Every structure is written in C-alpha cells, then in structure tokens.
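Bear in mind that the values in this text are calculations on the coordinates, not laboratory data. Since the model is a prediction, treat every value here as computed from it, not as a measurement. Neighbour counts are summed over all protein chains in view; Cβ atoms, including those assigned to glycine, are modelled from backbone coordinates with ideal geometry.
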Amino acid sequence: MNNIYKIGLFLFIIILTSCEDFLNETPATFISTTNFYTSESDARTACDGVYKMLLDGTSNATYGRWWLAIDLGTDDVSSKSLRSDFNNWFSHTINPSLAWFESYGQYSNFWTGIARANSVIANVPTINMDIANRNAIVGEARALRAFYYYQLVRAYGDLPAIVKEVKVKSDFMLPRADVDTIYNQIIIPDLQFAELNCKDALHDGHITKWTAKIILAEVYLTRAGWRRTSQGQFIQGRSENWILARDKAKEIIDNSPHSLNTIAVINGQNTTPAYGASWIESAPFSKESMLELSAINVYPYGSWITRECTPNANGSGFWGSNSNKPLSGQGITTPVSQLTFPGKPSVVGMYIPTADLWRSYETSDKRRDWGLMTKHTTPEGSIYLCQPTFRKYVDIDYYLGKANTSFQNTNNNFVIYRYADALLIYAEAANEVASAVAGDAAYNAVNSIRTRAGLTALTTGLSQNDFRIAVWKERRCEFAGECKRRFDLIRTKRLATETANIDVNWLPSDNPGFAIAYSNVNSLFTGTVSWPDREWLMPIPQSEIELNGWTQNEGY
C-alpha cells in the first residue's frame, strides 16, 4: 500500500447532490459559510471537498468505478458484463432513464463538484490569510470547476451556467446555456486564473499551474475539432484553437518541471517498462503525472476499478483450457489452472480491452504487453496468467492476495493527465497549424513517445495527413484506458468510421505464444451496429428534463 496523501478525505459541506435536488420544494441546505470559512485550514478542507467528487471510494465514485463507461462500445473498450444498462451501450439504445445517468452519479457528481467549487470561490477570498496561498486555493477550485464543466459539456452539451454559491432559488433555476458560452465564460477564464495562481511545482495530488495548462491545452484541442450540438448540428471549431493548443502545450514542454518517465522500474524479476511507471503502486505521482487521483486501500477511500476491469479470475479461455500448458516453450510445464493469481480477484469485467485495440499496436511496442496485461511476473519470479486486462486499472497487490486488500480497498491511482498529453497535443496542433517537417519539434514530440515504447522514430517526410494519422495512432496506443478514446473520435469526426466493423473476437494470431481463438464480450457488442448520430452526446437525465422543463438533446 502506498502511504500517500489522499485528496478529498474531508467532506465538509452538504450542498446539492444533483441539479434535480435544487428543484425540491425545500432546496438542499449547507453548513453556514459564515461560521465555517474562518481560517486557512478551513479553506484547504473546503477545497479538498471539491476534489472528492473525482474519486472518493464509494460505489458511485466517478473515476473509481463508472466514468470509464464513457468509452464502452468504441474500438478500445469492450465488456463481458450483461448489466441491463450496459446492454444499451452496445446495442446503441442509450436512453435518459438509465441508471448510469439517474442513479450512478455520472451527471450529478460533476454538479456536486461545481457547487462545492462555487462555495470555495465565493468564501475563501474573505478569509484573512496569506494572499498567495488564498489565490492558489481559489485557483485549484476554479480549475476543478472548469474540469467538471469540461466533462459535462463534452458528454451532455448545453448546460446551465451556475457560477454563484447557491443561496436562493434563482441561483440555480437557469436555462441551458450553449457550449461556447460555457467555454468562454467559465472553463477558459477559470483555467487561466489557475495557471497564474496555482503553485509552480510537480503535481502531488493538488492542481498546479501546469495541471491548469494541460487541461487548457486539451480544451483548445477539443474546441478546434468537431462536435454535435444539443440541437443536432455537426460543427467544427475555429482554426485559431489549433494555435492556442500548440502554444499552451509548448509552454509545458519548454518550462514545466515535468518530463517523461524514461527508465524502466526493476524489482527483482519484475520489470515495469518506463511507460508503465506512472501507474505502479510503489511510485505514485511520478514526474510525468499532471493530474492524478489518489486511492488508498483503507475503506472507504480505495478504488473499485480493479474488480470492475477483471474479466476472469484466471487465464482460461485466452490461454486455452485449464489443462493446457501455454508456457512450455519457456520450460514451464505448469497448466493454466495453476497459473492463477493467488488473490483470486472478484470478477465483473465491465471494462476490458478489445482485440481491435490489441492489434493497433506494433508488435515490438512495449506498451501493449504491459498495458493490456495477459501475464504477470512477480519480483520472486512467479508467473501468473489472466485474460486481457487493462493494467492501468489493476492494483496488483490485490491480484496477488496481499494482506489488507479487497476489491473496495485497492490503491491503484487514476492518472487523468500526464506529460505525454502535452507532447501529443503539441504534435497534433502544430501539424494542423503548419504541416510538420521531419526533424522539427512536432516530430520530436511524437518520437520521444515512440522511442520510449521501443519503436523506431518517424523519420520519413510524411504528408500533413499522414502525420495527422500517425499522431492519432500514438494517442490511441499511449492513452488506452484513460477515458480519452470516445472524445478523440468525436473531435476528429471518426466516431462512426472507427467503430464500424470491429472484429470483437480474438484470433489465434493475437495470442502471444499460444494460438487460440478467444471471445469474452457482451453478446450485443457485435462490432457491426452503426454508431448513431445522437450518441455523439449523452442524454440529459430524464428527471432533469422533467424538473427543469428543458428540451432533451436531439434524437433522444
């Protein structure tokens, strides 16, 4: 277990739990801000409560369990789960009454975070405390508010612009504002304030100026691309956003204390490639990390993702039947049944990699065999097999049956942004501004990623479109499992084309060292159902529509 500071242990304020609660006859109340906000310690505690909506150890935690479904049904993420709500993902019959929207907090969690941020932003400036520290805390709250709104506009489209602390009914009874208004009046100004006022340091779980800059760079990248409006129109963003994305990413590359992890982590006979160093439990908050959510295996502050991503308790199926001996070529005659992780992890398999994702990697790519784990070697040399599993989601101590671990008490942090984001945002945006030329900074950015992965550099003179495709490919392989695929496909207008005609089954040629066909996916995920236009956006939860009198996103 990593002994690290857990952001958001404190839940100090009872504000809204969802927008619909605003419309109760007696609105949700909160602790008197006059009595609470009196010291710097109060300011920090309140701000930590804003972080809490990202990962808080509960069953409905955003990045601890449910937000990962945002990529279900793309060419990257499948599921073996037959949950009734997930069936709708694969049959493309999503509707606004599903539990994911109404019960699991994947709409309301963001609003709770926004409400808490608004309280911090309104009240911390009144505290008599060090001005720099005060501005830094307000900057963190504003960056988090921006991030929550950013997730909401990308997923749900037009939203009410709630920027005041909620005190009276008129503070929340607002119409939906268009996405551009949310970007221009909230998201971008909040991040600009944060980049000027948050601390200039490596990330330790708190927002820094560099965290604000990487979110802002991605915001510009997103705004340069395509989106579907809540009214059903497809529009492309303004081209000047490419320049803004390029320049903001370059600030990080040139001036930040961050850099790529480039050294493999060797622990006895276990080797984690440099690419995987951001996720190993023994070294949280690496120099590459720019926004990382901390989980500890102390109930209820752990992550549930390890259980949710586990497709099977052993490697049978992918590695053959339990009696097969797939590693005999290495002199290991142990059958599959005895190569099972001793922790016998609980099995849900809601988020598992697709065969299509596996095939997207070049054979020598170190990211594939580590990131899409099918085998693990312990420091002592014991080997265990599993079906293809996102290693980034796994607390390996739980798989190994270490003491004091359970599916609710796992310490695998979730990394949302890292230095690799800056490199690939820069490369893509720079190429869109002016076609990349071999040897220039855009090529160097991509090649630093490829070199770490054990691949040859891009050295030939690619056309602008070929370089664009090369960057897209690197993003897919680099950020697999990081909740970026759906949004990448939307902004590049490839959501329908890249998710069409996916071969969801694993072929004998896919298996390293043991040729066998394998399938472990939701039966409705056929890879042949066309992604409907309406699902570029998620629907607003039905209860919100009814209570607010809003018009639902077109198509639902």
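Look at where the Cα atoms of region 429-488 and of region 504-556 average out, and the two centres are 27 Å apart. Residue ranges 246-255, 105-114 sort as 105-114, 246-255 when ordered by packing (mean number of other C-beta atoms within 10 Å per residue, highest first). Annotation: the residues Ile469, Ile545, Ile540, Ile266, sorted from fewest to most other C-beta atoms within 10 Å of their own C-beta, follow the order Ile266, Ile469, Ile545, Ile540. In plain terms, the residue of Glu218, Glu288 with the fewest other Cβ atoms within 10 Å comes first and the most crowded comes last, giving Glu218, Glu288.
Cβ crowding within 10 Å, taken as a proxy for footprinting-reagent exposure, orders Tyr419, Tyr37 from fewest neighbours to most as Tyr37, Tyr419. When N counts the residues of region 19-251, how does its alpha-carbon radius of gyration compare numerically with 2.2 N^0.38 Å, as a ratio? For region 19-251, the normalised Cα radius of gyration comes out at 1.06.
For Ile416, the amide hydrogen comes within under 5 Å of the amide hydrogens of Leu291, Glu292, Leu293, counting only partners 5 or more places away or on other chains and with H modelled in the peptide plane. In the chain, the calculated helix contribution to ellipticity at 222 nm averages -10500 deg cm²/dmol per residue, counting -39,500 (n - 2.57) for every DSSP H run with n ≥ 4. What is the Cα centroid distance between region 132-188 and region 345-423, reported in whole angstrom? First find each Cα centre; the distance between them is then 34 Å. For the pair region 201-244 and region 254-324, the centres of their Cα atoms are 27 angstrom apart. For region 141-273, the direction-averaged projected area of the alpha-carbon convex hull comes to 11.3 nm². Using alpha carbons only, how many degrees (0 to 90, rounded to 10) separate the axis of helix 131-156 from the longest principal axis of the chain? Once rounded, the angle reads 70 degrees.
Legend: P(r) of region 114-162 from all alpha carbon pair distances, 10 Å bins from 0, whole percents, reading 26, 46, 21, 8.
Treating each Cα of region 224-334 as an identical point scatterer and summing with the Debye formula, the log10 of I(q)/I(0) at q = 0.13 Å⁻¹ comes to -0.94. Annotation: amide H of Ala264 within the under-5 Å range of Ala274, sequence separation 5 or more or interchain, hydrogens built in the peptide plane.
Each 20 Å bin from 0 upward holds the following percent of the Cα-Cα pairs of the chain: 21, 57, 21, 1.
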